[in-house]
Amino acid sequence: MTDEKLIYDHFDSDREALREALCTLGNGYFGSRGAAPESRADRVHYPGTYNAGCFNRLNTDIAGRTVENEDLVNLPNWLDLNFRFPEGDWFDIDKVEVLEYRQELDFGRAVLKRFIRFRDSSGRQTRLEEERLVSMHQHHLAVLKTCIFAEDWSGPIEVRSGIDGEVTNGGVARYQKLNNQHLEPLVVETIDHKRMVLEVMTSQSRILIAMAASNRFWQGDAEIALKARVEKTEKAIAHYYQADLSEQTPLVIEKVVALFTSRDRAISEPGLEARKLVGWEGRFQDLVRPHAIVWQQLWNRFDFFIEHEDSEQQAEANQVLNLHVLHLLQTYSPHVMDLDVGVPARGLHGEAYRGHIFWDELFVLPLLNFRMPEISKAHLMYRYRRLDQARRDARDEGYRGAMYPWQSGSNGREESQRLHLNPKSGNWIPDHSRVQRHVGSAIAFNIWHYYEVTDDSAFLSLYGAEMILEIARFWASITTYNADLARYEILGVMGPDEFHDAYPDSSEPGVNNNAYTNVMAVWVLLRALELKAILPNYRFEELCDQLQISREEMQEWQNISHQMFVPFHDGDIISQFAGYEQLREFDWQGYRRKYLDIQRLDRILEAEGESPNHYKASKQADVLMLFYLFSAEQLQALFRHMDYPFDCESIPRNIDYYEDRTSHGSTLSRVVHSWVLARANRPGSWKFFRESLKGDIEDIQGGTTEEGIHVGAMAGSVDLIQRCFTGLEIREDVLWLNPRLPKGLKRLAFDICYRKQSVRLNITCHFVRVEVEPSNEKPIKVGLKSDVRCLRPGEIQEFIL
């Protein structure tokens, strides 16, 4: 178990929203931001609680049209707890003299603590100590423990504890003009002096949500029974308690909350289950103990060791990587195996991107595949359950197969907005991001990579193959044949870059022949054709019959894969899309001098009446995604298949070309650039790696992290350690290693799960040590360069570099 912590030693109202996101606690089922219990949503604080998969849709009339948006709903605030002295104000940190302050997120146990010593306007000195957790053991439970110490006084105190359903989705400033009232009241009830219940329902999706809370009080070791005065509104309830404080004898308040929704399995009714669970009579430590045990087991799976010649850089990397693992597991824990949820791009930490699922799984699942592949499988099943919707969307656009959406939510329809607000100009402008068709390739890639790591032939046969075949069919149907080029093309799409959503001054969305999109389409077609050799004959024939795939159609796939067009310019530079070389060069130095931060260059240019469509300027890695996903050998094979010359020596030239033309307006961009620099054995990789670590903890995009962490970038930074620096990949049933440790990095060590086996990797600049844990599983093949060895369970092998 890691002993890392995130510590703040003073209160900073300007950074509080960021801290609330970074101190979020969750268990995969629900997450709650690290807001102070006494806080309300305002310019400083934003309490938010989110249940995975709990979406709701609302209509808004804006910019002359009606738009419908689906959001991950902000649930009632269960943290609501405050205190005051007789006739005084409720505690507010801005209205007292703070003598000491400390907030501490314990990574190892996922417990958030807060310590405040303060002096109020009457001169009383009081100490406040808090601990909270969202249980990883019992995923419907959360608990807040509050200790109030009278340090130099004695007297009465009033405590308020409630559940506040008067909440909205108001956590993102640029969404403020959109309707955000998602909850309708159902039940507001006091069970007894300890317990209360609030039940609400989402207005469109009709999801029932029940929260029950229990408040218990102790002085010393004795529980005290306090009578509650009750206040209710239509969507909120609070209990008020009177107690007497003695100097140095704390009043201890333990608030336990149970959350259930009508999406849960094995329940009768949410309110009934919440009432039943909150009747539990244990103490705070009784909830901490099993919660900490589960976290210990998770850290055993996800831990790693880094040794760097610079001890400060080593400590920094270890802390932030562990923070990233913590938030990844709080978003996508083993509990999701029993849920129908995807990987929300901003976690359960805020409302940016409305809680939608994009392509971030391309960065998340490769990490999970080697640590806890069962979680990866759960997400792939989320995609499989929405396969029919992807088929309908393809048909509606005139295509065949499955066209997965760029933004997915509840049922898998396209949730990308038609308009988006530029906060720099205040303009609502058309949003063409839905033509990022490459998300289907990301899904196919994840299916294939999961299968390679796990050898889960049952999943591939029953679910994965069907998705790959339908995604391949979509790519074949969207291509057109250009007789002049004697090549197939893919027209009117957007690549990962996102700045280029059309040609200059064109009213038609999309560009033609985005290189990443075209190459990935070929890769998908080849994997679909390869399924015939992998699946049992009877199963492949069943799928072909079921999907009505003929031999002629598969031959067409083969032809397209051989003749796909990929644009180049300046010799061996892969063009981001056809016509890219005709765009103007951008004045990077001039704009950096003028604006300093130009990561979101698209917003700057739109505010000036311009567009990045005119320039060779990218928001994030696009062509370089090919070098991120594939080794040089794999890319060479792909281009050879398409009958294009491809020299591996051209990779550094492509990296340099696009590095000079990228603003890194996405947190994913630095992950990709660090990866490709490391694999090209370039000196800048450790620098970019360290910058990728700063994305959220330092909020380098200037206010985006407070709206929710970036799950893909967090997972990608950890995967740089796991797969990039080690050269870990699977080809032809061999686990290959090809270490490229950046200068200064002396050793890496961690465990992976490969085909049901626990494998310990210990990598230095001089050797690679591979240790397979004893088990009853089959031997595995491990290779380094041309040296391939067969390791049985319990064996240890060392490769000399």
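The values are calculated or read from the model by the stated rules, or taken from the named source; none is laboratory data. Worth saying up front: this structure is predicted, and the values here are computed from it rather than measured. Please note: Cβ atoms are built from the backbone with ideal geometry, for glycine as well, and neighbour counts cover all protein chains shown. The protein model used for the area step is the full one, side chains on, heavy atoms only, and it has no ligands, DNA or RNA in it. Shrake-Rupley method; radii C 1.70, N 1.55, O 1.52, S 1.80 Å.
Comparison of ALA258, ALA317 shows that the only residue that is of a type outside the set (Val, Ile, Thr) and in contact with a His (Cβ under 6 Å, 6 or more places away or on another chain) is ALA258.
Going by the conditions given, is VAL200 touching a Leu at 6+ places or on another chain (Cβ under 8 Å) and exposed (fewer than 15 other Cβ atoms within 10 Å of the Cβ)? When the stated conditions are applied, VAL200 does not pass them. Scanning the stretch 407-453 for residues that are over 22 Å from ASP61 (Cα atoms), part of a loop (DSSP other than H, G, I, E, B) and not polar (S, T, N, Q) turns up GLY412, ARG437, HIS438.
Could you check how many residues of the stretch 623-648 are of a type outside the set (Gly, Ala, Ser), outside any helix (DSSP H, G or I), open to solvent by 10 Å² or more (accessible area, probe 1.4 Å) and closer than 28 Å to VAL364 by Cβ?
1
Restricting attention to the stretch 729-758 and to residues that are touching an Asp or Glu at 6+ places or on another chain (Cβ under 7 Å) and of a type in the set (S, T, N, Q), the residue that is nearest to TYR451 (Cα to Cα) turns out to be GLN757. Looking at GLY162, GLY171, just one residue is surrounded by 19 or more Cβ atoms within 10 Å (Cβ to Cβ), small (Gly, Ala, Ser) and in contact with a Gly (Cβ under 8 Å, 6 or more places away or on another chain), and that residue is GLY171. Taking the listed residues ARG385, ARG371, the one that is open to solvent by 20 Å² or more (accessible area, probe 1.4 Å), at pLDDT 95 or above and among the basic types (Lys, Arg) is ARG385, with no other qualifying. For the stretch 116-131, the criterion of being open to solvent by less than 20 Å² (accessible area, probe 1.4 Å), touching a residue at least 40 places away in the same chain (Cβ under 8 Å) and in contact with a Gly (Cβ under 9 Å, 6 or more places away or on another chain) is met by no residue. Is it true that VAL788 is β-branched (Val, Ile, Thr), out of contact with any Pro (no Cβ under 7 Å at 6 or more places or on another chain) and open to solvent by 40 Å² or more (accessible area, probe 1.4 Å)? When the stated conditions are applied, VAL788 passes them. Of all the numbered requirements in (1) over 22 Å from LEU75 (Cα atoms); (2) modelled with pLDDT of 95 or more, GLU247 misses one, and that requirement is (2).
On the given criteria, is TYR404 touching a Gly at 6+ places or on another chain (Cβ under 9 Å), aromatic (Phe, Trp, Tyr) and part of a loop (DSSP other than H, G, I, E, B)? Yes: the conditions hold for TYR404.
Every test in (1) at pLDDT 95 or above; (2) assigned to a loop (DSSP other than H, G, I, E, B); (3) surrounded by 21 or more Cβ atoms within 10 Å (Cβ to Cβ) is passed by PRO774 save one, and that test is (3).
Tell me, which residue of the stretch 388-401 that is in a helix (DSSP H, G or I) and not basic (Lys, Arg) is surrounded by the fewest Cβ atoms within 10 Å (Cβ to Cβ)?
Among those that are in a helix (DSSP H, G or I) and not basic (Lys, Arg), it is ASP396.
Among the residues of the stretch 592-612, is any of a type in the set (A, V, I, L, M, F, W, C), assigned to a helix (DSSP H, G or I) and at pLDDT 95 or above? The answer is no, given that none of the residues of the stretch 592-612 is of a type in the set (A, V, I, L, M, F, W, C), assigned to a helix (DSSP H, G or I) and at pLDDT 95 or above.
In a residue-by-residue description of the stretch 51-72, the property of being assigned to a loop (DSSP other than H, G, I, E, B), touching a strand residue (DSSP E or B) at 6+ places or on another chain (Cβ under 6 Å), open to solvent by less than 50 Å² (accessible area, probe 1.4 Å) and at pLDDT 95 or above applies to no position.
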